[in-house]
Each structure stands twice: as structure tokens, then as C-alpha cells.
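Worksheet: the structure to be examined is printed underneath.
The values are calculated or read from the model by the stated rules, or taken from the named source; none is laboratory data. All of these numbers come straight from a predicted model, not from anything done at the bench. We place every Cβ from the backbone using ideal geometry, glycine too, and count neighbours over all the protein chains shown.
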């Protein structure tokens, strides 16, 4: 049964934008590989009723769970996304590694053995290309996490990505699969479509196997980067080429998904310049931000920390004039000194 719980309260700065921005439609996110085993970065915005999600998840159990827990602003399809062709899908013993690609065996050294690379089954997987879906609604952000198949999705989503302002994508630094595109291939493809790397949401590292591993704090020796999730934005230096709606959706996503506050304000300033919002909206946005993002208020003269500096030392009394040479002073006994 679909989830019927009430929306969760949004943070004040996100709620402010949703109430003030004249959005032509709700911010929409397409999630390729929407398996609900982990929370998505857009979940707080979704739970607060601040966006719509269109998800694709081919795994039967995961799709069934999505259908069970989905809310009113979620739509899911049981399709694998790619180039519209049928591919061999390799089912790994560790299901999180299941991929269109076979394992790159030298990576077994990093993972302490070849157990992770065990393929239990290979099946045919029909895919759909996003560009070939005539009924796919316009969307503002694309999220992809499909174990090496990200470039295949992007290459076949050029048409539908023209309205999007952001992409969240997994980047691989340490090769795990044969012929996977790696970070460089994905970055080149996204830059070719006008997107630039904005920030990393997280990076995953592992310690290298070694003879002294039992003596070391595993969390402190995770030296080798493996992969991570990154945010790409449509070139922010070309925001003047954005439509008004794109600027608004960028502000919503920066505020409610990426926590990129300076970029949210950059978008609001652009909307002020275009006279699409009130001139004081950027200032009100900062007022609504959590305290950790704001400087402490300036103190008035003579008050607060600035006035608590070490005072100037008090003037010392002038020493008494020396006694005249003709006057003899009696010396105190040692016990009185």
C-alpha cells in the first residue's frame, strides 16, 4: 500500500524558496537505479513535498519495495536504463557489484581476494534509452548509480537532459570492471553536454591489505579511493543562458539536496537581476539558514567580544622624589623587609 503519511517539515530556508519562487511546475528528479537500500540525497526534499521523483529500477524485489513505500509524488518504472539495446547483465555473488561489466581482476588485491568478483549468473537485460521515452516528463536533475553503466545512460539522454540543471552520478577512481569508463570518461561526457563538476557528496576509500592490518584502526588507514558520488551543474558561469525556470530549480536543488548555499544565493541574485523575485529574498534566505552557515552578528561599539580586549594598563603613580643627600634614612631591620 502506498505511503500516506503527511509530508515532513522542510528546513526554513527551503520552505522559503518553495513559497517565494514562481515555479512553473514542481522540481522533478529522474533516478536511474532507484533501489531503496540506502537513502537518497533528495529524500528530505521529497519527504517534505518539495519535488517529484520518476524512478527506474529493474530488480524485481527492489521495484516491489518502491511500489510499497512510494508517496504521492513518486512514480517508478521496472526498466533498466541504457541505450535501448539488450545487454548481458552479470549477477555477482555480492549483489551490490552486479553490472553490465565483468570484473577487473587486479582489483581483487585491493578487496583482499576475488570473492567479490564471483559471477553467479549472466542474464539478458533489455534496456530503454531515456531519449526514446516519448512520455518522460521534463526533469531538472538526473541521478544515476548503476555500477559502471552511467556513461551509457548519459550518451543516450542528450535530448532529455537539455532542461536539466544538475546530475548526481557515481564516479569510479579505482577500476573494478573491465572496460568501464571510469571518472575521466564520465566527466568528459558530461562536460560535452555542458555540465561542470560542482562538488563531491562523499567518497569511498578502502585500506590496502597489509601484514599489519590487525594492529591498525581500519577507519584511519582507508588510503585508497574507490568511488564516490559527485554533483555536476549546467555550467554555472553561463547562468545568463538559463531560463528563469532553470535558475529557480537550481536554487531549490542547491538548497534542498546539495546544501550548496553560495550557489543557491548566486541563483537568487540572478533572479533578482531579472526582476523575477523580490530584491530582499537573498537576505531573507540567509536569515532562514541554519546558524552554522552564518557569521556571528557584528557587535555594537563598546559591547560584545570586540569590547572585551585587554584594557590599557592603568597609569602608575610617579615615584617619590629622591631624598636630599644631607638627609639620612634609617634602614629597616631585615625581619621587616
Failed criterion for residue 34 (all others in (1) modelled with pLDDT of 95 or more; (2) closer than 19 Å to residue 157 by Cβ; (3) within 17 Å of the chain's Cα centre (by Cα); (4) not in a strand (DSSP E or B) hold)
(1)
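What strands (runs of 3 or more DSSP E), lying completely within segment 57-159, carry at least 3 residues that are modelled with pLDDT of 95 or more and within 23 Å of residue 234 (Cβ to Cβ)?
141-144
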Determine if segment 178-193 includes at least one residue that is surrounded by fewer than 20 Cβ atoms within 10 Å (Cβ to Cβ) and within 15 Å of residue 31 (Cβ to Cβ).
no
Selected residue (only one of 18, 46 is in a helix (DSSP H, G or I), in contact with a strand residue (DSSP E or B) (Cβ under 8 Å, 6 or more places away or on another chain) and under 20 Å from residue 138 (Cα atoms)):
46
I need every pair where a residue in segment 170-188 that is under 19 Å from residue 158 (Cβ atoms) has its Cβ under 8 Å from the Cβ of a residue that is outside any strand (DSSP E or B), sequence separation at least 6 or different chains.
181/148; 181/150; 181/151; 181/189; 185/151; 186/150; 186/151; 186/154
Inspect segment 107-129 for any residue being under 30 Å from residue 250 (Cβ atoms) and either without any contact (Cβ under 8 Å) to a residue 40 or more places away in the chain or exposed (fewer than 15 other Cβ atoms within 10 Å of the Cβ) (or both) and give the result as yes or no.
no
Residue identified as in contact with a helix residue (DSSP H, G or I) (Cβ under 6 Å, 6 or more places away or on another chain) and under 30 Å from residue 280 (Cβ atoms) among 52, 13:
13
